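Below is one structure; the comments refer to it alone.
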Amino acid sequence: MSNLFGVARSRLFNSVGNGALSVAAVTMTLWIAWAVVEWGILDARIFAASDRECHDAGACWAVIRAQWRLIVFGTYPAAETWRPAAVLCVLIGLMSVSVVRRVWHPRLVLAWIVGLLGCVLLLRGGFLGLPRVETDRWSGLPLTLLLGLAALLSSFPLAVLLALGRRSRLPVVRTVCAGFVELTRALPLISLLFIASLVLPLFLPAGLTIDKLVRAFVALTVFSAAYLAEVVRGGLQSIPKGQIEAAEALGLSYAARTRLVVLPQALMAVVPALANTFIVMMKNTSLVLVVGVFDLLAAAKSVLSNPDWSSSSSELYAFVTAIYFAISFYISFLSRKVERIRATWSRSGA
């Protein structure tokens, strides 16, 4: 404790100016924290028929209690709510299992692919007596997770190929990959979404259409691949040239040395950057609202069209923020776990 006070005194109160700033910062932090606690807990209302009953009170969490189904599952048919609920369980289960070191195996990738395809089939229905539900009715948190995770899983192999292509000795391959990455990164995601949803159908033959959810998925995949490619390329550049030459001397082919020597080390070296990109891309799924895809944020906004809850925007956005924070925290947790395993391997000389 004395050491703590000593550090605080030497760093925060080592001069009159620093002491005044430290006191002001602590005071402001405590004031904001108390205001949040007072609004969100002490004066909050959980049981109310409308936000008018919460007048002059704190947070009106009654909107979450009353409208939770619309917020979480959106416009999906109420009689089939168990299907998006099952999809949520599958996706959360896959995310939870992925943290366990013992299951880190190529079969885990297969499990993700099978799980995502199973979620799509379950939401769509049309078999085994399940009513068919068109993608226009898919919405809420299940759609946000499904779209974000599927786009990340699909974009990662493409990103690796683009990163390897930018380091290729073939000028044509190098130019094409570099042009794709630079052009895609130069466009805002909203532009890609509009191109995929509005411009692309103009070039399709008459009578041929592509589902808007598929188009949004393709746009997210392409956008994610461009950014992930640069992260992976940074990892590739960190590999000492001597290791590649040693692998060549052992007679390993380009594919073998890339798979066994280069990529494992390159990906481990950029785990924090990969995690940051994953988090950004998961949050970017909220932009699909502009092309008519009803994600979690759109489902929450739709509650405000109800006159009984039209003034509950702060509570709704706080709830959505908490969900996005949980997703981001999980990705950060997984990346820290991978970094610890990498550090263990480094100390053991593996």
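The values are calculated or read from the model by the stated rules, or taken from the named source; none is laboratory data. Worth saying up front: this structure is predicted, and the values here are computed from it rather than measured. Ideal geometry is used to build each Cβ from the backbone, glycine not excepted, and the neighbour counts take in all protein chains shown. These accessible areas exclude ligands, DNA and RNA; they are computed on the full protein's heavy atoms, side chains included. Shrake-Rupley method; radii C 1.70, N 1.55, O 1.52, S 1.80 Å.
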Handout entry: Enumeration of residues in the range 292-305 that are under 20 Å from LEU213 (Cα atoms) and not in a helix (DSSP H, G or I)
Key = GLY292, VAL293, PHE294, ASP295
Practice task
Within the range 271-283, count every residue that is surrounded by 17 or more Cβ atoms within 10 Å (Cβ to Cβ) and more than 18 Å from TYR324 (Cβ to Cβ).
Solution key: 3
Handout entry: Yes/no for ALA78 being farther than 20 Å from GLY115 by Cβ, open to solvent by 50 Å² or more (accessible area, probe 1.4 Å) and more than 28 Å from the chain's Cα centre (by Cα)
Key = no
Completion exercise
Picked from the range 201-213 (must be open to solvent by 70 Å² or more (accessible area, probe 1.4 Å) and hydrophobic (A, V, I, L, M, F, W, C)), the residue nearest to SER168 (Cα to Cα) is PHE203
Fill in the blank from the handout: Going through (1) loosely packed, with under 15 Cβ neighbours inside 10 Å; (2) under 23 Å from ALA216 (Cα atoms) one by one, SER286 fails only at (1)
Exercise for the section: Give the residues of the range 81-108 that are open to solvent by 50 Å² or more (accessible area, probe 1.4 Å), outside any helix (DSSP H, G or I) and closer than 28 Å to ARG69 by Cβ, sorted by residue number. Expected result: none
Problem - the range 187-209 residues that are at pLDDT below 85, paired with ones that are aliphatic (A, V, I, L, M) and in a helix (DSSP H, G or I) (beta carbon under 6 Å, 6 or more apart) - result: ALA196/VAL218; ALA196/ALA219; SER197/VAL291
Practice task
With respect to ILE279, determine if the residue is within 30 Å of TRP138 (Cα to Cα), among the β-branched types (Val, Ile, Thr) and in contact (Cβ under 8 Å) with a residue 12 or more places away in the chain.
Solution key: yes
Handout entry: Verdict on ARG52 being under 30 Å from SER305 (Cβ atoms), modelled with pLDDT under 80 and in a helix (DSSP H, G or I)
Key = yes
Handout entry: Leading residue by the ranking (most open to solvent (accessible area, probe 1.4 Å)) among those in the range 294-330 that are of a type in the set (S, T, N, Q) and under 18 Å from the mean Cα position of the chain (by Cα)
Key = THR321
Practice task
Sort out for me the helices (runs of 4 or more DSSP H) sitting completely within the range 236-291 that have 3 or more residues that are under 19 Å from the mean Cα position of the chain (by Cα).
Solution key: 271-284
Practice task
Scan the range 252-270 and give yes if some residue there is open to solvent by 50 Å² or more (accessible area, probe 1.4 Å), modelled with pLDDT of 85 or more and among the aliphatic types (A, V, I, L, M), otherwise no.
Solution key: no
Fill in the blank from the handout: Per the list (1) among the β-branched types (Val, Ile, Thr); (2) open to solvent by 60 Å² or more (accessible area, probe 1.4 Å); (3) farther than 19 Å from VAL293 by Cβ, residue check on ILE239 breaks on (2)
Exercise for the section: Look at the range 186-200 and say how many of its residues are open to solvent by 80 Å² or more (accessible area, probe 1.4 Å) and either in contact with a Phe, Trp or Tyr (Cβ under 7 Å, 6 or more places away or on another chain) or on the phi > 0 side of the Ramachandran plot (or both). Expected result: 0
Practice task
Would you mention how many residues in the range 109-157 are without any contact (Cβ under 8 Å) to a residue 24 or more places away in the chain and open to solvent by less than 30 Å² (accessible area, probe 1.4 Å)?
Solution key: 0
Exercise for the section: Scan the range 114-138 residue by residue and report those that are on the phi < 0 side of the Ramachandran plot and not in a helix (DSSP H, G or I). Expected result: PHE127, LEU130, PRO131, ARG132, VAL133, GLU134, TRP138
Exercise for the section: Looking only at the range 219-228, decide whether some residue is within 23 Å of ARG137 (Cβ to Cβ) and exposed (fewer than 14 other Cβ atoms within 10 Å of the Cβ). Expected result: no
Exercise for the section: Taking VAL176 as meeting all but one of (1) surrounded by 13 or more Cβ atoms within 10 Å (Cβ to Cβ); (2) in contact (Cβ under 8 Å) with a residue 12 or more places away in the chain, write down the number of the exception. Expected result: (2)
Problem - Top-ranked residue of the range 55-69 - restricted to ones that are farther than 17 Å from VAL303 by Cβ and open to solvent by less than 90 Å² (accessible area, probe 1.4 Å), ranked as modelled with the highest pLDDT - result: GLY58
